[in-house]
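The structure appears below as structure tokens.
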Amino acid sequence: MPSMTPEQARRSRRDMLQATVDAVAVCTGTDPEAFFRADGEQYIVWQARRADAVRVCAGCPARAACEELALRDGDGRPDVDDMVRGGLTGPDLAATRDQQSDRLTAAVAADRDTEGRRLDDLTAQLQRAAVKNPDKTGGHRGASRAQAAQNEQVRYLADQIRSIRTARRGPRRMEDRSMTGDHTPLPVNEEIGPRRPGAIYQNVDGRFEVLALITDPGEAARLLRRDGARWAVIVRDTLRPDGQPFAVGSVWTTSDYLIRPARTAFAPAA
Ligand code: SF4
């Protein structure tokens, strides 16, 4: 897949931008920490590493697509110099996003519309295919063939849905369970989804950075003012720089999607 110009990147939908990064990024397989300032790292050390990261990005054929994804993802803050993505530092990304905020808001909305419509369409097709009665007019052999064709179509549609959801990096979702009548509570890890400290996710309410994960049920119940709460995440809305952090206890669903993964893996309590 060839690289994109900045103009092409601005006009592309998210799946095309991600496909370009996946296909030609020069940092694939390298340590992602090369693009982040470590906790407590001396500024002078980070300055040198940051310059190296910017140099790597400058030679990357995915740079325009990567920068556009970073801008749509809301990466970077004006006052925090701790990352490089798409060849830009966090403050550079924040300044560029400010300059292009109207265009980026429209691009993010279009990305969501496109992906959401495709998922809705595939889900409707899957439901129709799953309940369709196979044609039995061709005798036993004909009915077997019709049944096999129907199974194949259901598998194909399910694979399509799964690949879109996987691209959104979500875990097993509530909708999948409700379709199968499974109402047992999800394990805590699955309810939380990928919301670990440092992760950024988005839904119709905003774009949120996870500041802390609370897995003590008593503390979670106190924060959420809800008896029976098993966990809570403390988030801040990255689209409202003046907003105060607050606690969230809603289950991760297909309405949420991950924009930036957490920088450290979650280690469940023993
Ligand atoms: S521009 Fe930089 S961060 Fe983005 S894919 Fe290329 S090397 Fe990686």
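The values are calculated or read from the model by the stated rules, or taken from the named source; none is laboratory data. Being a predicted model, the structure only gives us computed values, none of them experimental. So basically every Cβ, Gly included, is an ideal-geometry build from the backbone, and we count neighbours across all protein chains shown.
Observations
- Every residue from the range 37-56 that is in a loop (DSSP other than H, G, I, E, B) and over 30 Å from ARG10 (Cβ atoms): ALA38, ASP39, GLY40, GLU41, GLN42
- Enumeration of residues in the range 201-233 that are farther than 29 Å from ASP111 by Cβ and charged (D, E, K, R): ASP216, GLU219, ARG222, ARG225, ARG226, ASP227, ARG230
- Within the range 8-19, if we keep just the residues that are at pLDDT 90 or above and buried (at least 16 other Cβ atoms within 10 Å of the Cβ), the residue that is nearest to the chain's Cα centre (by Cα) turns out to be LEU17.
- Failed item in (1) modelled with pLDDT of 80 or more; (2) in a helix (DSSP H, G or I), with ARG165 passing the rest: (1)
- Some residue of the range 135-143 being surrounded by fewer than 14 Cβ atoms within 10 Å (Cβ to Cβ) and either within 24 Å of the chain's Cα centre (by Cα) or at pLDDT 75 or above (or both): no
- Residue check for VAL54: more than 10 Å from the ligand (Cβ to nearest atom) and more than 30 Å from ILE161 (Cα to Cα): no
- Residue, farthest from the chain's Cα centre (by Cα), within the range 240-270, restricted to residues that are surrounded by 14 or more Cβ atoms within 10 Å (Cβ to Cβ), modelled with pLDDT under 85 and aliphatic (A, V, I, L, M): ALA262
- For the range 71-110, filtering for residues that are surrounded by 17 or more Cβ atoms within 10 Å (Cβ to Cβ), under 22 Å from ASP15 (Cβ atoms), touching a residue at least 40 places away in the same chain (Cβ under 8 Å) and charged (D, E, K, R) leaves 4.
- Flag for ASP227 being modelled with pLDDT of 75 or more and of a type in the set (Asp, Glu): yes
- Condition met for ALA58 (out of contact with any helix residue (DSSP H, G or I) (no Cβ under 7 Å at 6 or more places or on another chain) and surrounded by fewer than 14 Cβ atoms within 10 Å (Cβ to Cβ)): yes
- Residue match in the range 28-46 (condition: under 22 Å from the mean Cα position of the chain (by Cα), within 10 Å of the ligand (Cβ to nearest atom) and charged (D, E, K, R)): no
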